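Below: one structure, written as structure tokens.
The values are calculated or read from the model by the stated rules, or taken from the named source; none is laboratory data. Remember, it's a predicted structure, so these values are computed and weren't measured experimentally. Ideal geometry is used to build each Cβ from the backbone, glycine not excepted, and the neighbour counts take in all protein chains shown. Side chains are part of the model used for accessible areas, which takes the heavy atoms of the whole protein and leaves out ligands, DNA and RNA. Shrake-Rupley method; radii C 1.70, N 1.55, O 1.52, S 1.80 Å.
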Amino acid sequence: MKIVYLNPSGQMGGAERSLLDFMASLRAADPRLTLQLIAGADGALLDQARELGVEARALPYPRRLARLGDAGAGGQPRLLSTLTRASLNAPSVALYIMRLRRALAAAAPDLIHTNGFKMHVLGVRAAPRNVPVLWHVHDYISSRPLMARLMRMHAGRCAAAVANSRSVADDVRAACGSGLKVYPIHNAVDLERFSPEGSALDLDRLAGLVPPAHPVVRIGLVATMAQWKGHEVFLRAFKLLSGDPPVRGYLIGGPLYETAGSQSDPEDLRRLAARLGLTGCVGFTGFVDEPAAAMRALDVVVHASTQPEPFGLVIAEAMACGRAVVVSSGGGTAEIVTPGDDALVHEAGSVTELAARMDQLARNPTLRAALGARAAQSARRRFARARLADQLMPIYRALLTEAA
Ligand code: GLC
């Protein structure tokens, strides 16, 4: 069986980490599978895919496509349909679809697995006839009006969809109609890499902070700079901590995707931290290559998304590293933690609730250790990578049988 994966970005975000985990799981389950990857930009994703034995190449998006997103349309239907038409008919985009069609025809896959909104649409437009296209949906569609519209328009040409949680699966069904079969498959993590034992980063050095003179409790938010990841909530909650015991905060991660207007500016966040009087006790590490080592350097890992989180790979990773985790409520997150048992939960966007959870954990090392130990146990049960191939292969097989 030959599968071609289409991914919009070449950078490593959550959806790309997930894609690599699926590929690794499939290769381990059946080394005879041929896996190829075409990405809309070059980057670390391609190198890491090659390390797994996947043939990977970039077919770079034209600028217009790279920057296309929902920001700026403001949910206005007329503007949206103009944008939709203009985007798909723009000569550079039409040319791209032709090039992708040629690349796919040359690859002659049995199945095409797309891993991001733009590739969902481009993939069905460029797929050879009779080759099933499987959409792998990692984010809510209904919160992105332009993409929702495009996906609805193209759903008839998609064979089935995988969603990273039941919550996202419901959203895909609501947006695309009940004609589309949607299979929820939770992500998994590499439990060898994300484990309680292993090296830990020197976060103070990375963030340019003076090493603390006395022991501190380290609390960090690990996330890309997407606006809804709650960096501001984290900073404002951190400001409310009593300082007894002493704490240090870390914002770990950097801006990632090219889509216009979707990222927080790290400089704005630094200015906010300064205004809140947090300079010197909150550090910005920027992007880190080794998230597991960053997490192991933290006593508490915070997830503070202000909108429902589709899945929350960082939560699964932090649990696998045996950390005490605080997560925001709602979305797919509710499917992957047991509140009070293997994680603490705060209401999404609530500065005071997040501060209360952080304070509770900062003061109570026994609670941190117990939550962390149970999180590691849950992660071993829920997030082993072998499960991915077990769940995905039957779907691939069914689609191939239907297409035959
Ligand atoms: C997207 C989602 C995130 C999820 C990741 C992997 O980045 O926003 O919640 O963990 O995809 O599925």
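Values as computed for the structure displayed
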| item | result |
| --- | --- |
| Selection from the stretch 309-321 of residues that are open to solvent by 10 Å² or more (accessible area, probe 1.4 Å) and either at positive phi or more than 9 Å from the ligand (Cβ to nearest atom) (or both) | Glu317 |
| Within the stretch 334-349, considering residues that are touching a residue at least 12 places away in the same chain (Cβ under 8 Å) and part of a loop (DSSP other than H, G, I, E, B), the one farthest from the chain's Cα centre (by Cα) | Asp341 |
| Near pairs, Cβ below 8 angstrom, 6+ apart or cross-chain, from the stretch 257-283 (within 18 Å of Ser305 (Cβ to Cβ) and in a helix (DSSP H, G or I)) to any residue that is open to solvent by 40 Å² or more (accessible area, probe 1.4 Å) and at pLDDT 90 or above | Leu269/Glu232; Leu272/Glu232 |
| Selected residue (criterion: surrounded by the most Cβ atoms within 10 Å (Cβ to Cβ)) from residues of the stretch 281-308 that are aliphatic (A, V, I, L, M) and within 16 Å of the ligand (Cβ to nearest atom) | Val302 |
| Selection count where residues are of a type outside the set (Ser, Thr, Tyr) and either closer than 27 Å to Ala384 by Cα or in a helix (DSSP H, G or I) (or both), scope the stretch 188-225 | 22 |
| Every residue from the stretch 138-159 that is out of contact with any Asp or Glu (no Cβ under 9 Å at 6 or more places or on another chain), more than 16 Å from the ligand (Cβ to nearest atom) and either open to solvent by less than 40 Å² (accessible area, probe 1.4 Å) or in a strand (DSSP E or B) (or both) | Leu150, His154, Ala155, Cys158 |
| Residue in the stretch 345-354 that is at pLDDT 95 or above, out of contact with any Lys or Arg (no Cβ under 8 Å at 6 or more places or on another chain) and crowded, with 24+ Cβ neighbours inside 10 Å present | yes |
| Positions within the stretch 110-121 being aliphatic (A, V, I, L, M) and either more than 15 Å from the ligand (Cβ to nearest atom) or open to solvent by 10 Å² or more (accessible area, probe 1.4 Å) (or both), in sequence order | Leu111, Ile112, Val121 |
| Residues located in the stretch 189-228, provided they are modelled with pLDDT under 95 and either under 20 Å from Ala15 (Cα atoms) or within 16 Å of the ligand (Cβ to nearest atom) (or both) | Ala223, Thr224, Met225, Ala226, Gln227, Trp228 |
| Looking only at the stretch 122-137, and only at residues there that are more than 19 Å from Glu402 (Cβ to Cβ) and buried (at least 24 other Cβ atoms within 10 Å of the Cβ), the one that is nearest to the ligand (Cβ to nearest atom) | Val137 |
